[in-house]
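Please read the structure below before turning to the comments.
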Amino acid sequence: ALLAAGAAQAADYPDHVINMVVPFSAGGPTDNVARSLAEAMRPTLGQTVVVENKAGAGGTIGTSQVARAKPDGYSILLMHIGFSTAPSLYKSPGYDPKSSFEPIGLVVDVPMTIIARSDFPANNMKELVDYIKANKDKVSLANAGIGAASQLCGTMFTQAIGVDLLTIPYKGTGPAMNDLLGKQVDLMCDQTTNTSQQIKAGTVKAYAVTSKERVPTLPDLPTMQESGYKDFEVGIWHGMWAPAGTPKPVTDKLVAALQAGLASPEFQKRMAGLGATVLADEANPAALTKKVDQQVPQWAEMFKKAGLEPQ
Ligand code: MLT
């Protein structure tokens, strides 16, 4: 009887509002992607998708909330690369990247940018590195906590140049950007989905992008490779998940809605404007499974090599 009731619920899915959890603050890069995506998935689902910002602990609080949620398709997660880094950065991240979720699909890939407050003395990457090395006790680096993309990129950067900086953790790079604009913090490595507008407006200084190629919407910004850091490349892939045990007919509908959403011209236009690449061909469970299977051990290995112990 329980099974029959479950099947009937799956057949009616969705008959009310769906909650999409973003594990970072409102007004930041993940939130920007999620809000556009929620809108783009709505026509297929015939229901509103509401974004809930459940921020904290580098994204692990919101992610583990969805891991524990009722597996009925009304709680879904929009998270990024941090999904695969946090399990080796925390002793108890609150979820298992393999067993806690049903993967729905990949969403977008977003380059990062190394930026500073607008009155920061350095005007290019060489000046930036020289300045940091000469003033390492004074320079502060914002991030969104251990497990965040900004923390990953910031760590890669400080390791590449061989310095340790004071890091200031926020619940998302949305609020971190506010403090950068207010000149309360010096530097940040953050996604183009949060930094593009500020870079174009000149309200922050930008030094490089972390993608292999330049970003079409920020054509003047050199890559890290062009700047002399030839192995420095990182892209912030995003994925969508439902809690483990969500019935297959429900996840099938979410996959269909995700694929239709990514195909929508409005979503594509918004993402292109923010420097993001839409991963339409990988918007399926198999591609996301493959990504996670590849990324979790890759980052574990990299942190181990770097001597980073789980907290
Ligand atoms: C955010 O949405 O605030 C970011 O994705 C945080 C980060 O991972 O750096």
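Just so you know, all these numbers are worked out from the coordinates, no wet-lab data involved. On a predicted model such as this, the values are computed, not experimentally measured, just so you know. Heads up, the Cβs are rebuilt from the backbone with ideal geometry, glycines too, and the neighbour counts pull from every protein chain shown.
The H on the amide N of Val108, modeled in the peptide plane, is under 5 Å from the matching H of His238, Leu279, each at least 5 residues off or on a different chain. Rg/Rh, computed from the Cα trace of the stretch 111-188 with Rh as the Kirkwood radius, has the value 0.92.
When both the stretch 130-202 and the stretch 81-106 are represented by their alpha-carbon centers, they are found 24 Å apart. Derived from the Cα gyration tensor, the three semi-axes of the equivalent ellipsoid of the chain are 35, 20, 16 Å, largest first.
Taking 0.36 nm per residue of separation and subtracting the Cα-Cα distance, full extension of the segment from Leu181 to Lys212 would add 8.4 nm. Across Asp190, Asp12, Asp72, mean-square fluctuation computed from a Gaussian network of the chain (C-alpha pairs under 10 Å connected) peaks at Asp12.
Its alpha carbons give the stretch 100-244 an Rg and a Dmax of 15.1, 50 Å. Taken one residue at a time, the phi angles of the stretch 116-123 give Karplus couplings (6.51, -1.76, 1.60, θ = phi - 60°) of 9, 4, 5, 9, 5, x, 6, 10 Hz. Gly and Pro are set to x.
So if we plug the beta-carbon distance of Ile161 and Lys248 into 1/(1 + (r/R0)^6) with R0 = 45 Å, what FRET efficiency do we get, rounded to 0.05?
After rounding, the FRET efficiency stands at 0.40.
This model, with +1 at the C-beta of Lys and Arg and -1 at the C-beta of Asp and Glu, gives the chain a dipole about its Cα centre of some 260 debye. Counting pairs of Cα atoms in the stretch 1-158, how many percent are more than 29 Å apart? That tail contains 32 percent of the Cα-Cα pairs. Each Lys or Arg adds one and each Asp or Glu takes one away; over the other residues whose Cβ falls under 11 Å from the Cβ of Thr113, this sums to 0.
The label point for His16 and the one for Leu308, both projected 7 Å from the Cα toward the Cβ, are 4.0 nm apart.
Across the stretch 16-26, coupling constants 3J(HN,Hα) worked out from phi with the 6.51/-1.76/1.60 Karplus curve, θ = phi - 60°, read 8, 3, 9, 9, 9, 7, 10, x, 9, 4, 5 Hz, and Gly and Pro carry x.
State whether the stretch 49-133 is rounded, prolate or oblate according to the following rule on the C-alpha gyration tensor (a ≥ b ≥ c being the square roots of its eigenvalues): a/c under 1.5 gives rounded; otherwise a/b larger than b/c gives prolate, and the remaining case gives oblate. Here the stretch 49-133 falls in the prolate category.
Scaling against 2.2 N^0.38 Å puts the C-alpha radius of gyration of the stretch 1-85 at 1.17. Couplings 3J(HN,Hα) of the stretch 294-307, computed from phi: 7, 6, 4, x, 4, 6, 4, 4, 5, 5, 4, 4, 7, x Hz, in residue order, whole Hz [Karplus 6.51 cos²θ - 1.76 cosθ + 1.60, θ = phi - 60°; x for Gly and Pro]. The H on the amide N of Ile168, modeled in the peptide plane, is under 5 Å from the matching H of Leu141, Ala142, Asn143, each at least 5 residues off or on a different chain.
Electrostatic bookkeeping for Pro285 treats Lys and Arg as +1 and Asp and Glu as -1; over the other residues with beta carbon under 14 Å from its beta carbon, the sum is 0.
Between the stretch 212-267 and the stretch 27-46, the C-alpha centres lie 13 angstrom from each other. Here the gap between Glu127 and Ala286, fully extended at 0.36 nm per residue and compared with their Cα-Cα distance, gives a gain of 52.8 nm. Convex hull of alpha carbon positions in the stretch 162-311: directionally averaged projected area 11.6 nm².
Residues considered: Tyr74, Tyr90, Tyr170. Largest GNM mean-square fluctuation over the chain, using C-alpha springs under 10 Å, is found at Tyr90. Around the amide H of Val21, modelled in the peptide plane, lie the amide H atoms of Glu52, Ile76, Leu77, Leu78, all under 5 Å away and 5 or more residues distant in sequence or on another chain. Note on the stretch 168-241: semi-axes of the ellipsoid equivalent to its C-alpha gyration tensor, largest first and rounded to whole Å, are 21, 16, 12.
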